[in-house]
Each structure stands twice: as structure tokens, then as C-alpha cells.
1. Does Ala166 satisfy being surrounded by 16 or more Cβ atoms within 10 Å (Cβ to Cβ), more than 14 Å from the ligand (Cβ to nearest atom) and hydrophobic (A, V, I, L, M, F, W, C)?
2. Looking at (1) within 13 Å of the ligand (Cβ to nearest atom); (2) in contact with a Leu (Cβ under 6 Å, 6 or more places away or on another chain), which one does Thr160 not meet, given that it meets all the others?
3. Filter the stretch 98-118 down to residues that are assigned to a loop (DSSP other than H, G, I, E, B) and either of a type in the set (Ser, Thr, Tyr) or free of Cβ contacts under 8 Å to residues at least 12 places away in the same chain (or both), then give me how many there are.
4. Under 9 Å between Cβ atoms, which residue pairs at least 6 apart in sequence (or on different chains) link something in the stretch 17-46 that is in contact (Cβ under 8 Å) with a residue 40 or more places away in the chain and of a type in the set (S, T, N, Q) with a partner that is outside any helix (DSSP H, G or I) and surrounded by fewer than 19 Cβ atoms within 10 Å (Cβ to Cβ)?
5. Out of Leu43, Leu70, Leu52, I need the residue that is surrounded by 14 or more Cβ atoms within 10 Å (Cβ to Cβ) and more than 22 Å from Ala98 (Cα to Cα). Which one?
6. Counting just the residues of the stretch 119-142 that are more than 12 Å from the ligand (Cβ to nearest atom) and in a helix (DSSP H, G or I), which one comes out surrounded by the most Cβ atoms within 10 Å (Cβ to Cβ)?
7. Does Val95 qualify as being surrounded by fewer than 19 Cβ atoms within 10 Å (Cβ to Cβ), part of a helix (DSSP H, G or I) and either among the aromatic types (Phe, Trp, Tyr) or touching a residue at least 40 places away in the same chain (Cβ under 8 Å) (or both)?
8. Considering only residues that are small (Gly, Ala, Ser) and within 17 Å of Pro85 (Cβ to Cβ), look in the stretch 1-45 and name the one that is nearest to the chain's Cα centre (by Cα).
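No value in this document is a laboratory result; all are computed from the given coordinates. Keep in mind it's a predicted model, so treat the numbers as computed, not measured. A quick note on method: Cβ atoms are made from the backbone with ideal geometry, for glycine too, and the neighbour counts reach across all protein chains shown.
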Amino acid sequence: APGLYIVATPIGNLSDITLRAVDVLRGVDAVACEDTRVTGKLLHHLGLKKKLIRYNDHAGENDRERLLALMESQPVALVSDAGTPLISDPGYRLVRTARERGIAVTSLPGPSAAVVAMTLSGLPNDRFLFAGFLPNKAKARQEMLAELGAVPATLIFYETAPRLDASLQAIGAVLPDREVAVARELTKKFEECRSGTPDDLIAHYAAHPPKGEIVLLVAPPSDEPDADIDVDALLRQELA
Ligand code: SAM
């Protein structure tokens with residue numbers, strides 16, 4: 001049926017593609033993707049050949065309108081280079097506009113590095129806050145860590161190997177007592193998840209420069225400093 005099919009793809013291990021993703025990719029004529037080379041490879045691996053339409057962060061109104069027009073008359077799949085589209089990847093405006101126009105939109109679940117890292121890290125998972133990439137600038141990075149550090153949830157950030165040290169240093173400065181986990185190369189041959197204090201991890205990665213793709217996680221604040229807050233009293237006050 002015509003419409004937009006958001007299709008999650010593997011984050012490293014090609015066997016993580018779902019049966020439904022393969023079915024949908026087989027059934028569509030056109031696949032919107034970030035990078036035609038990356039998606040071409042995946043489709044080739046699946047024995048498929050499709051019309052690839054580039055849709056990335058640089059896409060303008062015209063690219064979007066062309067895709068929207070297409071999905072009025074035929075099914076169109078949206079994939080990103082890896083993992084779940086829209087999660088730190090393009091697609092938000094496309095989905096939003098498609099929904100506004102009454103175009104059928106559906107999303108096929110699959111891997112996302114944030115969730116894989118969360119489950120692997122051993123950090124509390126009753127609440128977690130996915131915050132995408134930390135800002136590049138030192139001051140903005142520290143401000144964001146200070147703001148998010150107050151949230152009672154495990155924090156999840158996407159990271160790159162060249163920036164890992166700077167991010168760990170910033171966490172060490174702003175949230176020095178937190179347990180941190182570095183989840184690297186998830187689902188791939190050299191998958192690793194390493195936990196410690198920011199200082200432990202700074203030392204480790206100074207000696208073993210990290211390679212590949214990285215998710216950084218920060219434990220929630222411990223309850224101790226706030227232990228004598230009387231939640232009931234606060235609530236009564238709030239409701240009065
Ligand atoms: N949409 C993707 C998802 O659902 O996971 C994320 C896209 S984002 C542009 C790329 C970032 O995701 C990387 O910098 C890294 O932080 C994380 N990532 C993707 N694949 C990963 C992997 N196999 N291991 C660790 N982190 C990964």
C-alpha cells in the first residue's frame with residue numbers, strides 16, 4: 001500500500017535485519033536513504049536492487065516534496081545508514097509532514113545503538129534519557145552535562161572516537177562521581193562495554209585509543225544527597 005515505511009536496519013551485524021524489514025524493502029520500488037552507497041551495499045547483501053533516493057540532513061523542501069508526492073501513490077521505505085531512522089538521523093520533518101497530510105506512516109522496529117547500549121551497560125534502566133550527541137564546544141558541553149546531570153535517569157549520548165576523551169573529561173569535571181559506561185562497536189566483532197569512573201575511563205582510553213562507534217552512558221544521581229527531601233510534603237504544597 002502507498003505510504004511511508006520507516007525501516008530500521010542493522011548497526012553493524014547484518015543478521016540483525018528483521019524479516020519484516022526484508023519483506024518491506026523487497027516490496028517497495030523506492031528507498032529513501034542518507035547515503036546511496038551505504039544503503040546500496042545493504043540491499044546488495046539482501047539480493048535487492050531498488051531506486052535509491054538521497055534524503056539527508058541537507059535535504060531541502062524540494063527533496064521532501066518529491067518524496068511526499070511519491071508516497072501518495074506507492075510505498076516508500078525510509079532507511080538511514082545504520083539503526084533506526086530519525087534517532088540522531090534524518091526523517092523527522094518528512095514523517096511530520098507525511099502525517100499532517102494524511103499519508104499512511106508506519107515504523108518497523110529494529111536495532112538502535114542507544115537501546116543496545118542501555119541494555120548492555122548494567123546501568124539502571126527504569127528511566128533513561130537519550131540526549132543525542134553532546135555539543136562540540138566545551139562550554140556548551142559542560143552546560144548540557146550540568147543540566148542533564150540533575151535528571152534522575154541514566155543519560156545516553158552518541159559519541160565518536162575522536163571526541164571520547166573530551167567528553168569523558170567534561171563528565172569528570174561536571175559529574176565526577178558518576179559511573180560511566182562506554183559501549184563500543186555494538187553487535188560487531190570487537191564489541192566492548194567498559195564501566196568506571198570518568199577518571200578510570202580517561203586513563204584506559206589514553207592507553208588504548210578507542211576506535212569505531214561509541215555510545216556513552218552516565219549513571220543517574222544517587223538518591224543520597226536528596227534523601228531528606230519530603231516528597232509528600234512537596235506534593236501537598238504543589239497541590240494546595
Ligand atoms: N540511527 C542510529 C541508531 O538508531 O542507533 C544512530 C545514528 S547516529 C548518526 C550514529 C551514532 O550512533 C554513532 O556516532 C554512535 O554513537 C552510535 N552507533 C551507531 N552504531 C553503533 C555501534 N555499532 N556501536 C556503538 N555505537 C553505535
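1. When the stated conditions are applied, Ala166 does not pass them.
2. Only one criterion is unmet by Thr160, namely (2).
3. Within the stretch 98-118, the first condition is being assigned to a loop (DSSP other than H, G, I, E, B), and the residues that meet it are 101-104, 109-112.
Narrowing further to those that are either of a type in the set (Ser, Thr, Tyr) or free of Cβ contacts under 8 Å to residues at least 12 places away in the same chain (or both): 102, 112.
Counting residues in the stretch 98-118 that are assigned to a loop (DSSP other than H, G, I, E, B) and either of a type in the set (Ser, Thr, Tyr) or free of Cβ contacts under 8 Å to residues at least 12 places away in the same chain (or both) gives 2.
4. From residues that are in contact (Cβ under 8 Å) with a residue 40 or more places away in the chain and of a type in the set (S, T, N, Q), the pairs are Thr18/Pro109; Thr39/Lys50; Thr39/Leu52; Thr39/Asp81.
5. On the way: Leu70 fails: more than 22 Å from Ala98 (Cα to Cα); Leu52 fails: more than 22 Å from Ala98 (Cα to Cα).
Of Leu43, Leu70, Leu52, the one residue that is surrounded by 14 or more Cβ atoms within 10 Å (Cβ to Cβ) and more than 22 Å from Ala98 (Cα to Cα) is Leu43.
6. It comes out as Arg141.
7. The answer is yes for Val95.
8. Ala8
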